[in-house]
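Some notes on the structure that comes next.
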Amino acid sequence: MTHVEQEIASQPEYWRRVMESASPEGLPERGERVAVIGCGTSLYVAQAYAALREGAGHGQTDAFAASEFPVTRRYDRVLAISRSGTTTEVLTALGGCAPTPATALTGDLATPIRSAADTVVDLGFADEKSVVQTRFATTALVLLRTHLGLTPAGLPRQAERALTGELPHGAAEATQFTFLGTGWTVGLAHEAALKLRESAGAWTESYPAMEYRHGPVSVTAPGSLVWFFGEPPTGLVDQVLATGATVSVTTLDPLADLIRAQRLAVRLATARGLDPDRPRNLTRSIVLTQP
């Protein structure tokens, strides 16, 4: 079994752990104007959390790729998500956000992020050996959802169902994948697409569901799989089916459904003779050499 398979399978346990623990210090409080930053998978977690927090009325919440963070814009708090704690763009953004208080969620306290942020939340127990992020990212999002009071009590049980249930019909044979979401699940759609690209080099796309009609539907055809995270907009499933594509819709919580996409990424990688722990051209952390 690969590292990533073990890490995918461990998610229900780690989700329970953060759901049953007290919220750590430094997480955004109700009413604060917050910027959330990250890179890659951490960016997509940031996008999901930002939509959840603002949608729940906790305060304006913006998500940025760390490299695009507008350091001159004023916030009450910056929240950085970084598994490695060494990503150059995250550290640079944190260095430019003072005097705004900064909190970091990380998987490794023995890294520069510990001194770059004012408060550090230790998620080292959820750190991973695989280059591909799975459980760290989802555990971070469960922690943040729980802090907002938005985590269903039965979420770990749903995660267990996602680990053992069938993948969408025809998913392993599909040649093109489109992931769609609305609100907070747009970030999950982007993350699912990234997982298939990283692990298996698959042709994947991801969009807000209502944007799908505005161009992306043109690539959908027999052999495509269109995967919805959450409830599809009215009429969109019928439009997808008319193209001859396969559709995935489930009643699982969208974060639990992401586990199925993680499993599909590993299955596709294995079928293509690739190592899902070591994606081509990728490393665990992007550390840029300064000119």
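The values are calculated or read from the model by the stated rules, or taken from the named source; none is laboratory data. These numbers were taken from a predicted model, which means no experiment stands behind them. All Cβ positions, glycine included, derive from the backbone under ideal geometry; neighbour counts span all protein chains shown. SASA here: full protein model, heavy atoms, side chains in, ligands and nucleic acids out. Shrake-Rupley method; radii C 1.70, N 1.55, O 1.52, S 1.80 Å.
With Rg and the Kirkwood Rh both taken from Cα atoms, where does Rg over Rh land for the stretch 178-240?
On the way: Rg = 11.0 Å, Rh = 11.7 Å.
With Rg and the Kirkwood Rh in hand, the quotient comes to 0.94.
Here is the size of the chain from its Cα atoms: Rg then Dmax, 18.4, 54 Å.
With R₀ set to 30 Å, the beta-carbon distance separating Ala110 from Arg73 gives a calculated FRET efficiency near 0.45.
A straight line joining the Cα centroids of the stretch 83-118 and the stretch 19-66 runs 15 Å.
Seen through its C-alpha gyration tensor, with square-root eigenvalues sorted a ≥ b ≥ c, the stretch 145-291 comes out rounded because a/c lies under 1.5. What the chain shows is 42 Å² of accessible area per residue, with the surface traced by a 1.4 Å probe over protein heavy atoms. When a/c reaches 1.5 or more, the comparison of a/b and b/c decides; with that in mind, is the stretch 76-217 rounded, prolate or oblate per its Cα gyration tensor? Cα axes put the stretch 76-217 in the prolate bin.
Note on Leu241 and Ala271: the extension gain reaches 8.2 nm, defined as 0.36 nm multiplied by sequence separation minus the Cα-Cα distance. Peptide packing: for 223-234, 110-121, the average count of neighbouring Cβ atoms within 10 Å per residue gives the ranking 223-234, 110-121, highest mean first.
A cut-off of 5 Å between modelled amide H atoms, ignoring neighbours fewer than 5 places along the same chain, links Val121 with Ala104, Leu105, Thr106. Accessible surface ranking for Val78, Val247, 1.4 angstrom probe, highest first: Val247, Val78. Judged by the ratio a/c of the largest to the smallest principal axis of the C-alpha gyration tensor, the stretch 5-59 counts as oblate, that ratio being 1.5 or greater while a/b is no larger than b/c.
Normalised by the residues of the chain, what does the relative contact order come to in percent, with Cα pairs under 8 Å and at least six apart?
20
For the listed peptides 254-262, 23-31, a ranking on the average number of other beta carbons within 10 Å per residue, highest first, reads 254-262, 23-31.
Dividing the summed -39500 (n - 2.57) terms of all DSSP H runs of n ≥ 4 by the residue count of the chain sets its mean residue ellipticity at 222 nm at -11500 deg cm²/dmol.
Based on the reciprocal of the average 1/r between different C-alpha atoms, the Kirkwood radius for the stretch 118-181 equals 14.7 Å.
Leaving out ligands, DNA and RNA, and with a 1.4 Å probe, what % of the accessible surface on the stretch 6-53 is carbon or sulfur? Provide the component values of the computation, followed by the final result.
Details: 830 of 1930 Å².
Looking at the stretch 6-53 in its full context, I get 43 percent from C and S.
Of the DSSP H helices in the chain, not one has a Cα length along its own long axis of 30 Å or more together with a mean Kyte-Doolittle hydropathy reaching 0.5.
Give me the percent of the accessible area of the stretch 136-199 that comes from carbon and sulfur atoms, probe 1.4 Å, all protein chains in place.
Numbers: 1120 of 2140 Å².
Looking at the stretch 136-199 in its full context, I get 52 percent from C and S.
Quick check on packing: order 174-183, 12-21 by the mean number of other C-beta atoms within 10 Å, highest mean leading.
Details: 174-183: 22.2, 12-21: 17.3.
Ranking, from highest mean packing down: 174-183, 12-21.
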